[in-house]
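One structure is given below, encoded as structure tokens.
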Amino acid sequence: MAKRDYYTVLGISRDATEDDIKKAYRKLAMKHHPDRNPEQDAEEKFKEAKEAYEVLSDARKRAAYDQFGHAGVDPSAGFGAAGARGAEGFGGFADAFGDIFGEIFGQQRGGRRDGVYRGADLRYNLELTLEEAAHGTEVKIRVPTMEECATCHGSGAKPGTQPQTCPTCHGRGEVRVSQGFFSIQQTCPQCRGTGKIVPEPCPTCSGAGRVRKQKTLSVKIPAGVDQDDRIRLSGEGEAGMNGGPPGDLYVVVTLKPHPVFQRDGADLHCEMPVSFATAALGGEIEIPTLDGHAKLKIPAETQTGQLFRLRNKGIRPVRGSVTGDLYCHVSLETPVNLTNRQKELLREFEAINEEDPDKHNPRAKSFFDKVKAFFGP
């Protein structure tokens, strides 16, 4: 049976880069590996892809193949390009295969054989009020964590005893396992990669070398923190394994809803109710800020939805030097629970207003003009 074109086998173009070749091969190897794919022709496809990769990943072999086809890489044809496996080509093949082994059999490359691992990082969600976030504060938190056992000092062994070399892997932390026609290394199932076993476990931690505890920490919150900001406390995470360094603790800020303000970065927004008389005649109202009360002048004929800005009345962010602004959105308030006298005055006002509505209600006139234009004459 005639061999298929190697480029066709890998599904790549003839000008494919080395990375393209490697990626294509890894994809096919994962798909057709006989230990993952039970189909009858999976092994043949796997071997075909492997052969194509061995040639195209080697610069000399690829050049010979591009010029002479399969004959250029066939030792019996006398061209010589296929007879010698270049160190560079073999290295690339080994790298690709190493990656594939890791994905097929669940191994992690570059793992620590001595069983010393850094502790896990922890996350703590901290709720703050808007005022606390704006001005900064200091809070105490209780964090559940795994700490080094004080009895065995992290060894996991009963006091007076010592961990021993694992008899299965002889201290290497890995064992050689056959997978089909491959022989690979895996983490030792007895010592779980540490290379040691504990015949007499520590009574406090049951051989784990760590115990679960609650610890109280004081956290300084800088002024200006915002939603989802993270504060890193180095070394306050879980204790490491077998003497490894501890992880970090990340305090993640969550802002509680505020009854008055809505935050937008460094700026604040609030809805400002204004009475009908103040909006029409103008006046001065008192509004709240994070630093106390402030006076705001309302010009005559102010309309609902109008926006007023108070400079530097927002929040100064953690990573910035400019303080934000406070934006007040006017909300015209309709009076309720009117007395008879108030109703009488409003009816009198409305009657006067209707004598020249276009003059006193320009927005209404503009709106109805648009309505007429929309529906036609």
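Taking all protein chains as they are arranged and a probe of 1.4 Å, the heavy atoms of Glu355 leave approximately 150 Å² accessible to solvent.
The residues neighbouring Leu122, those whose beta-carbon lies less than 10 Å from its own, together hold a net charge of -3 under the Lys/Arg +1, Asp/Glu -1 convention. Amide H contacts of Lys196: Cys166, each under 5 Å away and 5 or more positions distant or on a separate chain (H built 1.01 Å from N in the peptide plane; Pro and chain starts excluded).
With kT/(6 pi eta Rh) evaluated at 4 °C and eta = 1.567 mPa s, and Rh the Kirkwood radius from Cα pairs, the stretch 25-74 diffuses with a coefficient of 112 µm²/s according to Stokes-Einstein. When Leu290, Leu326, Leu345 are compared by accessible area at a 1.4 angstrom probe, the order from most to least is Leu345, Leu290, Leu326. DSSP finds beta bridges in the stretch 194-348, and of those with both partners inside it, around 70 percent are antiparallel. Between Arg311 and Glu354, the modelled labels are 4.7 nm apart [label points 7 Å from Cα along Cα→Cβ].
For the stretch 179-238, what class follows from the C-alpha gyration tensor (a ≥ b ≥ c being the square roots of its eigenvalues): rounded when a/c is under 1.5, otherwise prolate if a/b is larger than b/c, else oblate?
Cα axes put the stretch 179-238 in the oblate bin.
Backbone amide hydrogens, once placed in the peptide plane, bring Glu174 within less than 5 Å of Cys188, excluding anything fewer than 5 places away on its chain. Computed on protein heavy atoms with a 1.4 Å probe, the accessible areas place Phe261, Phe68 in the order Phe68, Phe261, largest first. Counting only heavy atoms of the protein chains and using a 1.4 Å probe, Glu44 has close to 120 Å² of accessible surface.
The values are calculated or read from the model by the stated rules, or taken from the named source; none is laboratory data. It should be emphasised that the depicted structure is a prediction, and the values quoted were computed from it without experimental measurement. Backbone-built Cβ (ideal geometry, glycine too); neighbour counts: all protein chains shown. For the accessible areas, the whole protein counts, side chains as well, though only heavy atoms, and no ligand, DNA or RNA atoms are used. Shrake-Rupley method; radii C 1.70, N 1.55, O 1.52, S 1.80 Å.
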